[in-house]
Amino acid sequence: MIPLKVLTLIMANPLQPSVLVLQPVEDAPAGKVRIVPIWIGPSEAAQIGMALEQVKLERPMTHDLFLDALTNLDARIDSVVICGVKGPVFRSRLILSQGGRLVTLDARPSDAIALALRQDAPLYIEERVLDAASFPFIFKEERPEEELAAFKTFLDHVSPDDFGIEGP
């Protein structure tokens, strides 16, 4: 299993799906990684967003209620494993720890991740799922100040004649 982290959450308007972007925690060439995008609904995105921002509401939401129930049953979230993908649909297992034993539950990845983030539990993905559902992603490097200043100077002094085009 490969450890994952949340790279970003892209929230859309209520009529369109949002995207949870996961990234393997692995050694990768500088500036290049694999990402796993999971399309989720707006309410699921809101729950994950609140977990990422550690928002606490006056009254418990469903995920908070579930965690309170687990805590009162002397259980906690051990981990989440993304264990399958078919087309755009992912499957996951929510692993609970209670009294020295592990309990595995089938769960939607969005719910399992929202719970895991609230308890700082680790996220994993099976290697075969990562291979099937990941995409390469290249981070563009920021340009050094000198390079940007030189480009700005070029733009300040460029004219259509420089390109063989007659000016106005």
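The values are calculated or read from the model by the stated rules, or taken from the named source; none is laboratory data. Just so it is clear, the model here is predicted, and its values are computed rather than measured. No Cβ is skipped: glycine too gets one built from the backbone with ideal geometry, and neighbour counts run over all protein chains shown. Side chains are part of the model used for accessible areas, which takes the heavy atoms of the whole protein and leaves out ligands, DNA and RNA. Shrake-Rupley method; radii C 1.70, N 1.55, O 1.52, S 1.80 Å.
Just one of the listed residues (Val19, Val36, Val89) is within 20 Å of Pro122 (Cβ to Cβ), at pLDDT 90 or above and of a type in the set (Val, Ile, Thr), and it is Val36.
Here's the yes/no breakdown for (1) in contact with a helix residue (DSSP H, G or I) (Cβ under 9 Å, 6 or more places away or on another chain); (2) among the hydrophobic types (A, V, I, L, M, F, W, C); (3) open to solvent by 70 Å² or more (accessible area, probe 1.4 Å); (4) within 20 Å of Leu130 (Cβ to Cβ):
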site: Val6; (1), (2), (3), (4): yes, yes, no, yes
site: Ala12; (1), (2), (3), (4): yes, yes, no, no
site: Leu20; (1), (2), (3), (4): yes, yes, no, yes
site: Val33; (1), (2), (3), (4): no, yes, no, yes
site: Asp64; (1), (2), (3), (4): yes, no, no, no
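Each row is one residue, and each column tells you yes or no for (1) modelled with pLDDT of 75 or more; (2) more than 15 Å from Ile35 (Cα to Cα); (3) of a type in the set (A, V, I, L, M, F, W, C); (4) in contact with a Leu (Cβ under 9 Å, 6 or more places away or on another chain).
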{"residue": "Ser110", "(1), (2), (3), (4)": "yes, yes, no, yes"}
{"residue": "Leu115", "(1), (2), (3), (4)": "yes, yes, yes, yes"}
{"residue": "Glu141", "(1), (2), (3), (4)": "no, yes, no, no"}
{"residue": "Thr153", "(1), (2), (3), (4)": "no, yes, no, no"}
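In the stretch 79-92, is there at least one residue being assigned to a loop (DSSP other than H, G, I, E, B) and under 15 Å from Gln47 (Cβ atoms)? There is no residue in the stretch 79-92 that is assigned to a loop (DSSP other than H, G, I, E, B) and under 15 Å from Gln47 (Cβ atoms).
On the given criteria, is Ala116 crowded, with 19+ Cβ neighbours inside 10 Å, out of contact with any helix residue (DSSP H, G or I) (no Cβ under 6 Å at 6 or more places or on another chain) and under 19 Å from Gln47 (Cβ atoms)? Don't jump to the end; show me each part of the working.
Values: crowded, with 19+ Cβ neighbours inside 10 Å: yes; out of contact with any helix residue (DSSP H, G or I) (no Cβ under 6 Å at 6 or more places or on another chain): yes; under 19 Å from Gln47 (Cβ atoms): yes.
Yes; evaluated as a whole, the condition is true for this residue.
In the stretch 78-94, the qualifying residues are those that are open to solvent by less than 20 Å² (accessible area, probe 1.4 Å) and free of Cβ contacts under 8 Å to residues at least 24 places away in the same chain, and the one that is farthest from His63 (Cα to Cα) is Ser92. Does Glu44 meet the test of being among the acidic types (Asp, Glu) and at pLDDT 90 or above? Spelling it out, Glu44 is indeed among the acidic types (Asp, Glu) and at pLDDT 90 or above. Among the residues making up the stretch 95-113, those that are touching a strand residue (DSSP E or B) at 6+ places or on another chain (Cβ under 6 Å) and open to solvent by 50 Å² or more (accessible area, probe 1.4 Å) are Gln98, Leu102, Thr104, Leu105.
The condition of being surrounded by 11 or more Cβ atoms within 10 Å (Cβ to Cβ) and in a loop (DSSP other than H, G, I, E, B) holds for Ala121.
Among residues belonging to the stretch 75-103 that are of a type in the set (A, V, I, L, M, F, W, C) and over 18 Å from the mean Cα position of the chain (by Cα), point out the one that is nearest to Ala133 (Cα to Cα). Before the answer, list the steps.
First, pick out the residues of the stretch 75-103 that are of a type in the set (A, V, I, L, M, F, W, C): 75, 77, 80-83, 85, 89-90, 94-96, 102-103.
Applying the additional criterion that residues be over 18 Å from the mean Cα position of the chain (by Cα) yields 75, 77, 95-96, 102-103.
Values: Ala75: 31, Ile77: 25, Ile95: 22, Leu96: 25, Leu102: 27, Val103: 26 Å.
Out of the qualifying residues, it is Ile95.
Restricting the stretch 95-111 to residues that are small (Gly, Ala, Ser) and touching a residue at least 24 places away in the same chain (Cβ under 8 Å), the residue that is farthest from Val21 (Cα to Cα) is Gly99. The sole residue among Ala46, Ala69, Ala51 that is closer than 15 Å to Leu115 by Cβ, loosely packed, with under 13 Cβ neighbours inside 10 Å and not hydroxyl-bearing (Ser, Thr, Tyr) is Ala69.
The residues of the stretch 112-131 that are touching a residue at least 12 places away in the same chain (Cβ under 8 Å) and under 18 Å from Ala51 (Cα atoms), listed by number, are Ala112, Ile113, Ala114, Leu115, Ala116, Leu117, Arg118, Gln119, Ala121, Pro122, Leu123, Tyr124.
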